[in-house]
Amino acid sequence: MEKIETIPGWTINIEETSNGVFKVILTDEYGHRAEIIDNATDETVEKAISAAFDIEKQISKNWSLFLFNLCIEKLTTENIVNKEYNSIVFGSWFIEGAEKRLVYEGKDKWLIVQTKTGAEWLDNIIIKKDELKYLNLIEQIKNI
């Protein structure tokens, strides 16, 4: 059994239950579980992480900090020009690359993708919390 930490606060256990069939279990520190059994390793892990992300979105006591830490974890330090988490302003934060940045507006619970135009940042995409899925978050992170 292999143990990997892939999203903040969750541990992944992977085991091959039979030839080519994998069981992926994600568990958080409170015992919440996301479990998938499938035959494609990478896809199976991705499905299980997506399920854990959805659970975290529903039960997290500090969703904005979880999201900030996940984005930081998925980005390389070379891609990050500036970052700031502000717990006083509803957990709002931003992570800035050279030409794009992710902004989490904590009051309205929106993830905003912005592009730099001259000295200003313009909104390109706004994703509401209830519409945010793990895979579209990863897609936005890749664009930073």
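Observations on the structure shown:
- Annotation note: Cβ proximity below 6 Å between a residue of the stretch 102-120 that is without any contact (Cβ under 8 Å) to a residue 60 or more places away in the chain and assigned to a strand (DSSP E or B) and a residue that is among the basic types (K, R) and exposed (fewer than 14 other Cβ atoms within 10 Å of the Cβ) (sequence gap 6+ or interchain) occurs for W110/K128.
- I59 vs. criteria of a type in the set (V, I, T) and surrounded by 16 or more Cβ atoms within 10 Å (Cβ to Cβ): no
- Residue within the stretch 121-130 that is loosely packed, with under 12 Cβ neighbours inside 10 Å, closer than 23 Å to E78 by Cα and in contact (Cβ under 8 Å) with a residue 12 or more places away in the chain present: no
- Count of the stretch 15-46 residues which are farther than 19 Å from L67 by Cβ, surrounded by fewer than 17 Cβ atoms within 10 Å (Cβ to Cβ) and not hydroxyl-bearing (S, T, Y): 14
- Total residues in the stretch 112-144 satisfying the condition of being hydroxyl-bearing (S, T, Y) and within 16 Å of the chain's Cα centre (by Cα): the figure is 1.
- For I138: the one exception among (1) touching a residue at least 24 places away in the same chain (Cβ under 8 Å); (2) crowded, with 18+ Cβ neighbours inside 10 Å; (3) aliphatic (A, V, I, L, M): (2)
- Wholly within the stretch 1-99, strands (runs of 3 or more DSSP E) carrying at least 3 residues that are of a type in the set (A, V, I, L, M): 21-28, 33-38
- Of the residues examined, D108 is one that is charged (D, E, K, R), over 19 Å from I141 (Cα atoms) and at pLDDT 95 or above.
- Residue count for the stretch 84-113, restricted to those that are surrounded by fewer than 16 Cβ atoms within 10 Å (Cβ to Cβ) and at negative phi: 9
The values are calculated or read from the model by the stated rules, or taken from the named source; none is laboratory data. Since the model is a prediction, treat every value here as computed from it, not as a measurement. Please note: Cβ atoms are built from the backbone with ideal geometry, for glycine as well, and neighbour counts cover all protein chains shown.
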